Amino acid sequence: MISIENISRTYRSKEGLIRALSHINLRVEEGDFISLIGPSGCGKSTLINMIAGFLKPSEGEIKLKGKPVRKPGPDRGVVFQENSLFPWMTVEENLYLALRNSNRTVDYYLDIVGLKGFHKAYPHELSGGMKQKVSIARTLALNPEVILMDEPFSSLDEQTRIQLDYELKEIWERERKTIIFVTHSIEEAIFLSTKVVLLTKRPGSIQREWELDRKKRWNFYSPEMLSLREEMKNSMDLCCKDCKL
């Protein structure tokens, strides 16, 4: 579905040219849930922004269903780290903006994110987790083929984040969307994903990939989860001994 072909990205800063990503090759199949992990500054968000069409690669090409990605489009929806809701609009009004391409209702999308009854609430009346739920509902209402999520739960407390992970997993299974997800949490990546991709420190390149059983129901505190987490952590330490997750 998505073909990332020998992608590199270099940008100019006060210090000179910075190479953020180097020769990334990755295939994403329809219905995949791909998590990108790696140390801060390794280019995870840069890669998400290039898939979204916000940035152009310096080298290589990204294709969606065989067509080159040149700019943002309705086939790709983005959920950012901070919610992008309009504060002067109610939850219902924020969602109506996205319903043009959907034959479903505000009720449907609020129900699947667990916010039934919050139609008339304003963003300032919601918790951080609830705001992100509205952001996810609005992105789903746009009916994109691919959803790109850039650390959407990183600013939330651990209990809220784990709860949202469970809910996101259920949404993915129900809606059958293709998702690419950036996270600093190895446990979160394992719990959610069909594939986990580890990037090295800058310039980011793919160090290793783990294919996971899409039907697996992970427990955050099981020995199996802890063992796989340790394996991934060790791989990160080997490629970046001075970086901590």
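The values are calculated or read from the model by the stated rules, or taken from the named source; none is laboratory data. Treat the numbers as computed from the prediction; the structure is a model and nothing was measured. Because the Cβ atoms are built from the backbone with ideal geometry, glycine has one as well, and the counts that use them run over all protein chains shown. For accessibility, only protein heavy atoms count, side chains too; no ligands or nucleic acids. Shrake-Rupley method; radii C 1.70, N 1.55, O 1.52, S 1.80 Å.
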Would you tally the residues in segment 206-232 being surrounded by fewer than 11 Cβ atoms within 10 Å (Cβ to Cβ) and assigned to a helix (DSSP H, G or I)? 2
Which residues, taken from segment 64-117, are charged (D, E, K, R) and open to solvent by 60 Å² or more (accessible area, probe 1.4 Å)? Lys65, Lys67, Arg70, Lys71, Glu82, Glu93, Arg100, Arg104, Asp107, Asp111, Lys116
Selected residue [closer than 17 Å to Gly77 by Cα, in contact with a helix residue (DSSP H, G or I) (Cβ under 6 Å, 6 or more places away or on another chain) and either in contact (Cβ under 8 Å) with a residue 12 or more places away in the chain or among the aliphatic types (A, V, I, L, M) (or both)] from Ala137, Ala121: Ala137
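Please state which one of Lys177, Lys201 is at negative phi and open to solvent by 70 Å² or more (accessible area, probe 1.4 Å).
Only one candidate qualifies: Lys201.
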Answer yes or no: is there a residue in segment 36-52 that is in contact with a Leu (Cβ under 9 Å, 6 or more places away or on another chain), assigned to a strand (DSSP E or B) and closer than 29 Å to Glu187 by Cα. yes
By residue number, the members of segment 154-171 that are open to solvent by less than 70 Å² (accessible area, probe 1.4 Å) and either in contact with a strand residue (DSSP E or B) (Cβ under 6 Å, 6 or more places away or on another chain) or touching a residue at least 40 places away in the same chain (Cβ under 8 Å) (or both) are Ser154, Ile162, Glu167, Ile171
